[in-house]
Amino acid sequence: MNKFILSQKTQLFVLIIFLLLIELPLSGVLFAVNSPAPNLQQQSNAYPTQQDDTLIIKNADGSSTLTKPDGTKIIIGNDGSATQTNPDGTKIIQKNDGSIVVTSPNGAVVIKNKDGSSIKTNPDGSKIITNVDGSSIRINKNGTKVNQ
């Protein structure tokens, strides 16, 4: 067996890191070890980048936390999951099963499943369920269903 074949978790982790790093300029990514970051507790495992001051911390549980200058925080779990919290309060969770959960500051929650289906829960309690084929149904707060 080829010793260079990576597990699915490792492949997902590498893909997420790659996607995060492509936002940086292509001139190279340089890390400064143990440089203090403003308003953050200094840790020996913190690595601010010299390109945009993104702070990368390797946590004790094996996860990594990236904090961008705009306040965006991304936690990459050792289980292949990732959680991004934006300054406006939007939270995006990529679960290790491939599903994505987006929570908006207004309380709306959208769950996007790997198969393409989704469930949106609105702040008023109503839900919109979208099937793989694109058809959808709205379930009002009182339980009445409306095909869309």
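Numerical summary
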item: Enumeration of residues in segment 84-99 that are in contact with a Gly (Cβ under 9 Å, 6 or more places away or on another chain), over 16 Å from residue 113 (Cα atoms) and in a strand (DSSP E or B); result: 85
item: Members of segment 130-148 found to be closer than 17 Å to residue 112 by Cβ and surrounded by 10 or more Cβ atoms within 10 Å (Cβ to Cβ), listed by number; result: 130, 131, 132, 135, 136, 137
item: Residue 107 being exposed (fewer than 15 other Cβ atoms within 10 Å of the Cβ) and at pLDDT 90 or above; result: yes
item: Test: residue in segment 121-131 that is more than 22 Å from the chain's Cα centre (by Cα), more than 28 Å from residue 69 (Cβ to Cβ), part of a loop (DSSP other than H, G, I, E, B) and of a type in the set (A, V, I, L, M); result: no
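For (1) surrounded by 12 or more Cβ atoms within 10 Å (Cβ to Cβ); (2) in contact (Cβ under 8 Å) with a residue 12 or more places away in the chain; (3) not assigned by TED's automatic domain parsing to the domain that holds residue 70, each residue gets a yes or a no:
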residue: 91; (1), (2), (3): yes, yes, no
residue: 120; (1), (2), (3): yes, yes, yes
residue: 123; (1), (2), (3): no, yes, yes
residue: 128; (1), (2), (3): yes, yes, yes
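The values are calculated or read from the model by the stated rules, or taken from the named source; none is laboratory data. Keep in mind it's a predicted model, so treat the numbers as computed, not measured. Heads up, the Cβs are rebuilt from the backbone with ideal geometry, glycines too, and the neighbour counts pull from every protein chain shown.
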